[in-house]
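The block underneath contains the structure these notes are about, expressed in structure tokens.
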Amino acid sequence: MQISENSRVWIYQSDRPFTDTEKTEIEALLTAFTGQWQAHGHQLSAFAEIRFDRFLILMVDESQAGATGCSIDKSVKLMQQIEAEYKVNLFDRFNIAYKQQEQVLSCNRIEFEGLIRDGKITEDTIVFNNLVQTRKELDENWETPFKQSWHKRVFNLNPVG
């Protein structure tokens, strides 16, 4: 599906990778959801995908019809359903994803701070900015070096001591 670069984006990151079977099932749920997703009776031009076996990404082209509070609530309920059914956490904002070679890994804040302390996270480590708002930002700024990310403001790469 062709979707505008200005489309609104929501990213939900799992605390573990999905299995191939889970991905197939979740993709079917996402496709069914986006195919009937509406806001005030208007069909939303929406798309969903799974990236790196752990990121669930919803997109809505709001030039057609905008997502509203109620329609966004429906998408959150779907994510809560996926959380419960697949026993994952999709709402932990300090579940931090990063790349090690080409593998995407994630850990909690304390573990991430330990990786920094051990020199395993550097200014060039690719991290994921799940705060992007549009498909253009997703394409250009989602995967970004630590030194150019919000992570740099939160985590000190050069701890004293």
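FYI, it's all coordinate maths here, none of it is from the lab. Please read all numbers here as calculations on a predicted model, not as lab measurements. FYI the Cβ positions are ideal-geometry reconstructions off the backbone, even for glycines, and counts take in every protein chain you see.
Which FRET efficiency value, to the nearest 0.05, is calculated for Thr31 and Asn158 with the Förster distance at 41 angstrom and r the Cβ-Cβ distance?
Calculated transfer efficiency: 0.35.
Hey, rough spin-label estimate for Asp20 and Glu83, points 7 angstrom out along Cα→Cβ, what's it come to in nanometres?
3.0
Among Asp118, Asp53, which comes first, second and so on when ranked by fewest other beta-carbon atoms within 10 Å?
Least crowded to most crowded, the residues run Asp118, Asp53.
With the contact rule set at Cα under 8 Å and sequence spacing of 6 or more, what percent relative contact order holds for the chain?
Result for the chain is 25 percent.
Counting pairs of alpha carbon atoms under 8 Å apart in space and at least six apart in sequence, what relative contact order in percent does the stretch 96-154 give?
30
Helix 69-86 against the longest principal axis of the chain: what's the angle in degrees, Cα atoms only, rounded to the nearest 10?
60
Based on alpha-carbon centroids, what's the gap between the stretch 1-69 and the stretch 98-142 in Å, whole number please?
The distance from the Cα centre of the stretch 1-69 to that of the stretch 98-142 comes to 22 Å.
If you keep only loop residues by DSSP, which trypsin sites (Lys or Arg not before Pro) in the stretch 72-151 have at most 10 other Cβ atoms within 10 Å of their Cβ?
The qualifying sites are Lys87, Arg93.
Using a Cα-Cα cut-off of under 22 Å, which lysines could be cross-linked to Lys23, ignoring same-chain neighbours fewer than 8 residues away?
Once the sequence-local lysines are set aside, what remains near Lys23 is Lys74, Lys77, Lys87, Lys99.
At 7 Å along the Cα-to-beta-carbon direction for both Trp150 and Lys74, put a label point, then send me their distance in nm to one decimal.
It is 2.7 nm.
Mind listing which GluC sites (Glu not before Pro) in the stretch 46-89 are in a DSSP loop and have 14 or fewer other Cβ atoms within 10 Å?
Taking the stretch 46-89 and a limit of 14 other Cβ atoms within 10 Å, no loop GluC sites (Glu not before Pro) are found.
Name the residue, out of Ser14, Ser63, Ser45, whose mean-square fluctuation peaks in a Gaussian network model built on the chain with Cα pairs under 10 Å.
Comparing Ser14, Ser63, Ser45 in a Gaussian network model of the chain, the most mobile one is Ser63.
From largest to smallest, what semi-axes in whole angstrom does the stretch 1-159 give when each is the square root of 5 times an eigenvalue of its alpha carbon gyration tensor?
Rounded to whole Å, the semi-axes are 30, 18, 13.
Once both axes come from the Cα atoms, what is the angle between helix 20-36 and the longest principal axis of the chain, in degrees from 0 to 90, rounded to 10?
Value to nearest ten degrees: 40.
GNM, the chain, Cα, under 10 Å: largest mean-square fluctuation among Phe52, Phe146, Phe18?
Among Phe52, Phe146, Phe18, the largest GNM mean-square fluctuation belongs to Phe52.
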